[in-house]
Amino acid sequence: MRWVIRFIGLVLLIGVIVVVGVVMLPKDRIAQIAADQLSRATGRSVEITGDLGITLWPQLGVRADGLRIGNPDWATGEALFRSGAAALSVDAAALLRREIEVTEIRAEAPVIHLEERADGLVNWRLSPDLGTPAPEGGPSAGANRTPFSIARVDITDATVIYAAEGAALQRFDGIHLALDWPDQAGPAQINGRFELSERPIEIAARVGQFARFLEGTVQDVDLETALGASRVRFKGQASLGGELGGNLAVAAPATADLFSRFGANSVDLPQGLGRSLDLTAEVTFTAAQQLALRNVTADLGGNTLRAAADIDFQEKPQVTATLDVGNLDLSALTSSENAEAEEDRAVKTWPTDPIDASGLAAFDGQIALNAQSVDLGSLTLGPTKARLTNTRSRLVFELNDVAAYEGQFQGEFVINNRNGLSVGGGLRAVGVQMKPLLTDLAGLERFSGKGDAQVKFLGVGGSVDAIMRSLSGDGGIAVGRGAIEGIDLDDLLGSFDTDGGTTVFDQLVAQFTMAGGVVQNDDLSMLLPNFETTGAGQIDLGAQTLDYTVTPKALRLNKESGLAVPVRIVGPWARPRIQPDLKAAIDLNFREERERAEERVKQEIERKLQDEIGVTREEGQSLEDAVKDRAEDALKRELLRLFD
């Protein structure tokens, strides 16, 4: 028993000596020991500076005014991590097992420099080899490393600076980060908060096998981000190198608020085109900067689309996508909160707001569009198949098969922003109902009929108004049986009345040219049961006015030679004035009678002049010249008398 008591006493004496020895060590010596242990564990230089606070058991803790973790030799920054007030706690019992178990790291207002080289080497991968590979066939650099783990990290008010080789420097301030990693072979929970454009962003992530994730391997990731009322969630697999694959969900009740957090304060998308967003997709992103989206479903706040897309981000984004949009409503693109009242349509003008087409430079590629219907506000299309091809800011919109207005449309529409904005193309319509088409396009409701049309056009300018005033091109129209409302040619030829009525025609054909936004036509031909009608004039697309003369000819009147009464249609195309041109009607229908009457009047005047003043017209001389000669002779005689 005495030996037992002596042994216990010896152990207590050794313990007292050890404790006293540790307590008696200078604080800077303890800080140096802790820094050396962290340096061996991380492969980086570690410095602990300033006033120190020490705890011994059960946690060996160091509180310091300064903590610095260095960079690998290849990095350009002075330190990976630099902090003012910092605290480090290590499990004391684990140290006796020659293990380093960091139970907590706390830092206030640290500055963290993250660097990435073009070859993929990063400065935040901690290992004693400083980011360089071990010699082939040799032992790994960390084979004799002391076991190392971190249970919790708590960082407040941090600044993170990210420098990727070849890219602009990025800086983030006001970051709060908490890492819980109790099992070093298991998952880690990361919660963070930082401000972007003075708006808070919150992040919560759970990463499986976090140690291997830090080594660059792909691990399970469940990430959720809160940006005000917006939520973004990704659940799948990812790596520190940027590769990921899994399910993405985005819910943004107000995308304007979401964009403003990234500095785009003026973005306010139209209703139905992304003003709100509810999106789900299967996402894959590779180390080669290639993004694949599959089974995309997006509610854009009124329009719903299903899509698949492949995007290559290596240089300018290259996009290949297919969109199925169902019933697509694009009416918000042409609506205006300050649209003129219906009674003021006659003075309506084209929008003069500048058109921003700079987005065409953001990508190249092809997008196939399939829709059951497309509402353009001013036009309504049925089942539509189209393809959009964008190459160096030149977007070609190919209409392969579009059903609309009971007919079919084909052709292409081009938007070119390479050297200033221009629009052009060629369209062909077959079997189209003209009345609803012209009503939707230009508010012209008087003309109806089913027919074909084609047009080639080119316009240049920075606004809709400028483009409409610059349009050039040509085209034609051919319509079968139809009608013109607001005028009855039967009544017109009988009473010159142009108010009310309807003219029904059997056929109408015309060709036209465009220059300076003015459509010119000189060969309109329209056949009616008792008439044949021609037309000529112009339509000013820029000013939205027309000056056109239609000349119907009644074939059974005027002794079977026909009676023609030109009708001039002039003014704003929404409310034109329709009036017969009586002078032109007389010229057309009674030319011979007028000429005979003029000849009889001329002969009577000549007889009176000869009888009363003795004017005689010589052969080949006009009556006016004969009167002039007679007057000159009389004047000469009177002048000569002055000298008698």
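The values are calculated or read from the model by the stated rules, or taken from the named source; none is laboratory data. The model shown is predicted, which means the values in this text are computed figures rather than measured ones. As a convention, Cβ positions derive from the backbone with ideal geometry for all residues, glycine included, and neighbour counts pool all protein chains shown. Surface areas here come from the heavy atoms of the whole protein model, side chains and all, with no ligands, DNA or RNA. Shrake-Rupley method; radii C 1.70, N 1.55, O 1.52, S 1.80 Å.
General remarks:
- Any hit, the stretch 285-295, residues being open to solvent by less than 30 Å² (accessible area, probe 1.4 Å) and at positive phi: no
- Residue within the stretch 418-437 that is part of a helix (DSSP H, G or I), open to solvent by less than 40 Å² (accessible area, probe 1.4 Å), closer than 23 Å to Ala483 by Cβ and touching a strand residue (DSSP E or B) at 6+ places or on another chain (Cβ under 9 Å) present: yes
- Selection within the stretch 234-263 - surrounded by 19 or more Cβ atoms within 10 Å (Cβ to Cβ) and assigned to a loop (DSSP other than H, G, I, E, B): none
- When each of Arg294, Arg206, Arg233, Arg275 is tested for being charged (D, E, K, R) and more than 25 Å from Val319 (Cβ to Cβ), the lone residue that passes is Arg206.
- Pick from the stretch 531-544, criterion of a type outside the set (A, V, I, L, M, F, W, C) and open to solvent by 50 Å² or more (accessible area, probe 1.4 Å), ranking: nearest to Gly473 (Cα to Cα): Gln538
- Boolean, Gly272 is part of a loop (DSSP other than H, G, I, E, B) and either surrounded by fewer than 15 Cβ atoms within 10 Å (Cβ to Cβ) or not charged (D, E, K, R) (or both): yes
- Hits in the stretch 502-530 - residues which are in contact with a helix residue (DSSP H, G or I) (Cβ under 6 Å, 6 or more places away or on another chain) and either part of a strand (DSSP E or B) or surrounded by fewer than 15 Cβ atoms within 10 Å (Cβ to Cβ) (or both): Thr503
- Residue check for Phe194: touching a Phe, Trp or Tyr at 6+ places or on another chain (Cβ under 6 Å) and farther than 27 Å from Ala251 by Cβ: no
- Flag for Val479 being of a type in the set (Val, Ile, Thr) and within 25 Å of Gly382 (Cβ to Cβ): yes
- Inter-residue pairs, beta-carbon under 6 Å, first assigned to a loop (DSSP other than H, G, I, E, B) and open to solvent by less than 60 Å² (accessible area, probe 1.4 Å) and in the stretch 194-215, second charged (D, E, K, R) and at pLDDT 90 or above, 6+ apart: Gly208/Asp220
- Residue match in the stretch 399-407 (condition: open to solvent by 50 Å² or more (accessible area, probe 1.4 Å), of a type in the set (S, T, N, Q) and at pLDDT below 85): yes
- With respect to being out of contact with any Cys (no Cβ under 7 Å at 6 or more places or on another chain), surrounded by fewer than 15 Cβ atoms within 10 Å (Cβ to Cβ) and in a helix (DSSP H, G or I), Ala361 fits the description.
- Of residues in the stretch 216-233 being among the polar types (S, T, N, Q) and more than 27 Å from the chain's Cα centre (by Cα), the one surrounded by the most Cβ atoms within 10 Å (Cβ to Cβ): Gln219
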